[in-house]
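Here's the structure we're looking at; comments come further down.
The values are calculated or read from the model by the stated rules, or taken from the named source; none is laboratory data. Since we're looking at a predicted model, the values are computed, not measured. Neighbour counts are summed over all protein chains in view; Cβ atoms, including those assigned to glycine, are modelled from backbone coordinates with ideal geometry. These accessible areas exclude ligands, DNA and RNA; they are computed on the full protein's heavy atoms, side chains included. Shrake-Rupley method; radii C 1.70, N 1.55, O 1.52, S 1.80 Å.
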Amino acid sequence: MCSRCTKRFALDPKIHGRGMNDLRIRRIAAKATEGGRLRMTVTQLWYLSRTYSSCREAKPARGIRPGVRWLVAPPLALLLLSTGALTHGPPGTITVTAVAVVLVAASVMRYRPAEAPRSYISPPEGEFRQMMAGPWQAAYRKLPPGVVDDGPRAPAPREAPVDRPEAVILCADHAVAVFLRVNGIPAKLKALLVEGRPSAAHEALVDVPEGLPVVVLHDASALGALLAPLLRQAHPDRVVLDAGLPAAAVRTRRGAVHRVAKAPRASAADLRSVAGLSEADAAWLAQGFWSPIAAVPPSRLEAVVTAAVRQALAARAAELRSPDGFLTWPAEPSAPVGETSRTKGAPAG
C-alpha cells in the first residue's frame with residue numbers, strides 16, 4: 001500500500017525484488033500487447049519483465065587435489081630446509097626462499113572441481129508466476145490486461161476451427177502455442193496449429209492431412225535446429241519451412257535470453273552437417289546453451305509466423321529445401337534492468 005495515496009498495490013520491490021512493481025509490469029504488458037491488440041502469456045510477460053539474467057560457460061577442474069598437494073609439498077619443503085641448514089650464504093637464503101614458495105604454492109593452488117554451464121534469470125519463473133497468481137490476483141482479481149495464464153493447470157484456450165486448412169504450424173513451445181491460439185492467428189492464416197516437443201514432432205504430424213506445407217517454430221536450441229532438417233528427411237513429400245529462432249540471431253545479441261539445457265545435447269558435428277550451422281553456432285548449442293522463442297516480443301512473433309505461413313504457401317517446394325533461415329530474427333529487444341552479464345564476449349539475456 002502506498003504511504004501517500006493509500007492505494008493498494010500487488011507488488012512491492014522491497015519484498016518481490018528490484019523492478020517488480022505494478023506500474024512497470026503494466027507498462028511492459030501494455031507495450032507488448034500494443035495496447036490490447038494482442039494477448040500474451042504469463043511466460044512471455046516473465047521474459048520481458050525479467051530484471052537480470054546471466055549465463056556462464058562450463059569451467060574445467062583447476063588446481064591440485066589436496067591429497068596430492070600435501071603429499072608432495074611437505075616432504076619437498078623438508079628436503080629443502082635440510083639442504084638449507086647445511087648451506088651458508090646466498091645458497092642458503094635461496095633455499096629458504098624456495099621452501100616459502102613451495103608452501104605458498106601448495107596453499108594457493110587449491111583444487112576447484114569442474115563446473116557445468118549455468119544460467120540464471122531474476123526473478124525465477126516460479127517466483128514470477130507466484131506473484132501473478134498470488135499478490136496480483138488478490139489486488140486486481142485478474143492478470144494484467146491482455147495477459148493469459150499458460151501454466152500446466154490453466155484451461156486450454158478456445159481455438160477457432162479451420163475447415164479447409166492450407167498449412168500446418170508445428171510449434172515446439174507451449175507458451176507460443178497458447179499465444180497463437182488466444183490471438184486466433186492460425187485461423188486467420190487458414191493453418192492447423194499442432195503442438196509437439198522436438199523429440200515428438202514426427203508423431204505430432206501423424207494425423208495432419210498430407211500435402212500441406214509445415215512451418216516449424218522452435219527455440220534456438222540444439223534439438224530445435226535439427227527439427228526441420230529431420231522432418232524433411234522423414235517427410236520428403238512435404239514442404240517444411242524452418243521459421244524457428246536461429247542461434248545466429250541470439251548467440252551474440254545484447255539483451256537476448258540465454259539459458260542452459262538439462263536435456264541431452266546434440267553434437268557440434270551433427271549440428272554442422274545436418275542443420276548446416278556455423279562452427280560458432282554449433283559449438284554454442286552443443287554446450288547446452290539455448291534461447292527461448294517465447295522471449296521474442298509478441299508483435300515480432302506474430303509478424304514472423306504470418307510471413308512464414310504466407311511464404312510457405314507462395315513459394316515452390318524446391319525453394320524451401322534449404323536449412324537456412326529466411327527472416328531476420330528477431331528485432332533487437334531492450335536489455336532488462338540491471339543487465340550486466342556476458343557470455344562469449346556478448347551480453348547474455
Just checking, how many residues over the stretch 246-304 are within 18 Å of residue 199 (Cα to Cα), open to solvent by 50 Å² or more (accessible area, probe 1.4 Å) and in a helix (DSSP H, G or I)?
1
Six or more apart or on different chains, Cβ under 8 Å: which pairs go from a residue in the stretch 1-29 that's at positive phi to one that's part of a loop (DSSP other than H, G, I, E, B) and at pLDDT 90 or above? Could you list them?
17/51; 17/123; 19/51
Can you say whether residue 207 is free of Cβ contacts under 8 Å to residues at least 24 places away in the same chain, surrounded by fewer than 16 Cβ atoms within 10 Å (Cβ to Cβ) and more than 27 Å from residue 48 (Cα to Cα), as far as the supplied structure shows?
yes
Does residue 207 satisfy the criteria of being closer than 19 Å to residue 166 by Cβ and of a type outside the set (S, T, N, Q)?
yes
Selection status of residue 142, under 29 Å from residue 234 (Cα atoms) and surrounded by fewer than 21 Cβ atoms within 10 Å (Cβ to Cβ):
no
For residue 194, indicate whether it is β-branched (Val, Ile, Thr), under 23 Å from residue 149 (Cβ atoms), in a helix (DSSP H, G or I) and in contact with a strand residue (DSSP E or B) (Cβ under 7 Å, 6 or more places away or on another chain).
no
Before we move on, is residue 164 of a type in the set (Lys, Arg), farther than 26 Å from residue 200 by Cα and either open to solvent by 10 Å² or more (accessible area, probe 1.4 Å) or within 21 Å of the chain's Cα centre (by Cα) (or both)?
no
Which residues, taken from the stretch 210-245, are in a loop (DSSP other than H, G, I, E, B) and aliphatic (A, V, I, L, M)?
212, 239, 243, 245
Scan the stretch 149-157 and tell me whether some residue there is surrounded by 22 or more Cβ atoms within 10 Å (Cβ to Cβ), within 17 Å of residue 29 (Cα to Cα) and of a type outside the set (A, V, I, L, M, F, W, C).
yes
Top-ranked residue of the stretch 1-57 - restricted to ones that are at pLDDT 95 or above and among the β-branched types (Val, Ile, Thr), ranked as most open to solvent (accessible area, probe 1.4 Å)
28
